[in-house]
Amino acid sequence: MSTQHKPKQMPRNHRSDLPQTAGQIQKSSKSVHVGRTLRLALLCLCCGCTPLGEYIRNGFEVGPDYKRPPAPVATHWIDAHDERVSSNATDDSAWWTVFNDPVLNGLIHTAYEQNLTVREAGFRVLRSRARLGIAIGEFFPQTQVMEGSYQREGVSLGVANRFATPERWFSQWNYGFGLAWELDFWGRFRRAIEASESVLDASVEHYDAAIVTLVGDVATSYVQIRTIQEQIALAEQSLKLQKQSLEIATAKYEGGETTEVDVYQGQSDVSSTEALIEQLQIDLRQATNQLCILMGMPPTDLSQLLGEGPIPTAPEQVVVGIPADLIHRRPDVRRAERLTAAQSEEIGIAETDFYPQISLNGTLGWSAEHVGDALDREAFLGSIGPSFQWAILNYGRIANNVRVQDARFQELIANYQNTVLNAGAEVENGLVSFLRSKNQAEDAARAVSAETAAFHEAFAQYKGGLTDYNRVVVIQERLVTRQQSLADAQGAIAQGLIQVYRSLGGGWQIRLQSEAEFVMPIETPVPAVPPTPAPVEDDLTRDDPPSLEEPGLAVIPQSE
């Protein structure tokens, strides 16, 4: 999809309107020059990038009008045939509630209120909002000056041909107002406003994407913590059994029934499991520290806040809608599209350089020798009139700038389409992880059940002297491994579901429910738990709805 336009060349030997004799030159009048200027303005529409008809259809703006580029999306999910996957419309605004875990719900709300990454994204929205205000201001008179001065001047009596003055020294009071207003004939400032609106929309989408990432990261860290806690509990159970086996092996050795090898094997198993528990404790602390960072606080002990709990249980079915919904649901996709729209306006802004800049200039002021006379009618002075500038000799540079902006536009189209592709792949990855982890957990549960029965049987046989200790040790080691694999698989089910909902773009709607107010810190240290910018309605957002139907686009953080 190309928006490049090849400008027409101005005729090199266009001399039909030029005077041929000196007499004709002398007869040229001011009205003739004005007429030529008007004809020149019309000619620029013919020799520029935008045809006259398109210029009118675009609302008297040169350059291309933006249309959302096509996006490559699948017609259905790969696992759509699986009964555990539903393609019905879904409300994933608070998807974490499907786990029915009050602790997780509280962590997510706390993280949204305190997370610094979300706070940073909120400041970006404020910055884009201010830039939109600047762009709107550029539509009105660009130069507005109020000035005043007082001068005490003297006339030299030693210069030749000096004017006769009644007084050598005199005072001069001056004050007035001046403005310069470049009229937006070609749409430069209107397109700049539209570009700033799209950038503002993109910054809001970036804010929402930060929330989606935050919610997913908090849920992931929480599931990881619960999984590690489960693994520690299982390892401690295995350690208890191993110590019992070691006691029996020691008693048999002391009774002369077995060799010391059995004792060494038992001690090795106990030490190995204790080392595993220590490693799991390291993993638990690191996961907890990561959760603290997500909640906007220094690493601290969260044992009282988290307590002990099972791995969150996922529902049997996940509702994902259809692939085409990703274009409207994912903030990162919407952000890529909005940035593409903003760049489209930059092409039109670059094309305005092909045309003359027409301005209206004026001054009003007073000038008098005495300050008391400054408001007299005789002291009034002023000027008003149009002017234009046309960098017609910079045609090559302007054309190359248009090509630069168009190439950047094509680059952002590719980025948008690639973002859509990655979004679909992330959903598919989450689905296969969710579905296969369920199967894996069922297999792991059967393996643990069989290994547990084998251990009890082997342990009973060892106590009765029907088998050697080596068999008990081997089964114990396998049981520990099977139990850890089961906990991993159970955690992977929840992680897969989290990945699905994260890739669907849900969770940003939490900001619509927040009533917290954003206060920008002024010369004060950042608190340990800083507030997060709370989005509110803003009067500088576009009146017409964005091309992507999303109610949150007009909601941005508001500073006090």
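The residues packed around Leu239, meaning those with a beta-carbon under 14 Å from its beta-carbon, carry a net charge of -4 if Lys and Arg are +1 and Asp and Glu are -1. Comparing Cα centroids, the range 84-143 and the range 466-493 end up 45 angstrom apart. Annotation: for a label point projected 7 angstrom from Cα along Cα→Cβ of Ser387, residues of the range 339-379 with backbone N closer than 16 Å are 356-364.
Net charge around Ala487, counting only other residues with Cβ within less than 13 Å of its Cβ (Lys, Arg = +1; Asp, Glu = -1)? List each step's numbers first, then the result.
Working: positive: Arg226, Arg482; negative: Glu230, Glu236, Asp283, Asp488.
Every neighbour counted, the sum reads -2.
Dipole size of the range 231-291 about its Cα centre, with +1 on Lys/Arg Cβ and -1 on Asp/Glu Cβ: approximately 240 debye, rounded to the nearest 20.
Extending 7 Å from Cα along the Cβ direction at Ala74 and again at Val474 yields two label points whose distance is 4.4 nm.
For the pair Arg57 and His81, label points projected 7 Å from Cα toward Cβ lie 4.6 nm apart. Across the range 456-473, computed HN-Hα scalar couplings (Karplus, 6.51 cos²θ - 1.76 cosθ + 1.60, θ = phi - 60°) run 4, 5, 5, 5, 5, 5, 5, 4, x, x, 8, 8, 8, 6, 4, 5, 5, 4 Hz from first to last residue, x flagging Gly and Pro. Compared with the alpha-carbon gap, the fully stretched path from Thr452 to Asp91 is longer by 125.8 nm at 0.36 nm per residue.
What does the charge add up to near Leu284, with Lys and Arg as +1, Asp and Glu as -1, over the other residues with Cβ less than 14 Å from its Cβ? Walk me through the numbers before you get to the answer.
Numbers: positive: Arg226, Arg285; negative: Glu230, Glu236, Glu278, Asp283, Asp301, Glu308.
Its environment carries a net charge of -4.
Length gained on full extension, Asn174 to Ser268, computed as 0.36 nm times the residue gap minus the Cα-Cα distance: 24.1 nm.
Calculated FRET efficiency, Glu147 to His328, Cβ-Cβ distance, R0 = 60 Å: about 0.70 to the nearest 0.05. Each residue, Thr313 and Glu254, gets one label point 7 Å from its Cα in the Cβ direction; the gap between the two is 4.5 nm. Applying the Karplus relation 6.51 cos²θ - 1.76 cosθ + 1.60 with θ = phi - 60° to the range 449-454 yields 3J(HN,Hα) values of 4, 5, 5, 5, 5, 5 Hz, where x marks Gly and Pro. Only Lys, Arg, Asp and Glu carry charge here, each on its Cβ (+1 for the first two, -1 for the last two); on that basis the range 52-112 has a dipole of about 240 debye about its Cα centre. Taking the centroid of alpha carbons for each part, the range 372-419 and the range 247-314 are 69 Å apart.
With a Förster radius of 56 Å applied to the beta-carbon distance between Tyr395 and Asp283, the computed FRET efficiency rounds to 0.30.
Read-outs: derived from the displayed coordinates by stated rules, not from any lab. Since this is a predicted model, take the numbers as computed values, not measurements. Ideal geometry is used to build each Cβ from the backbone, glycine not excepted, and the neighbour counts take in all protein chains shown.
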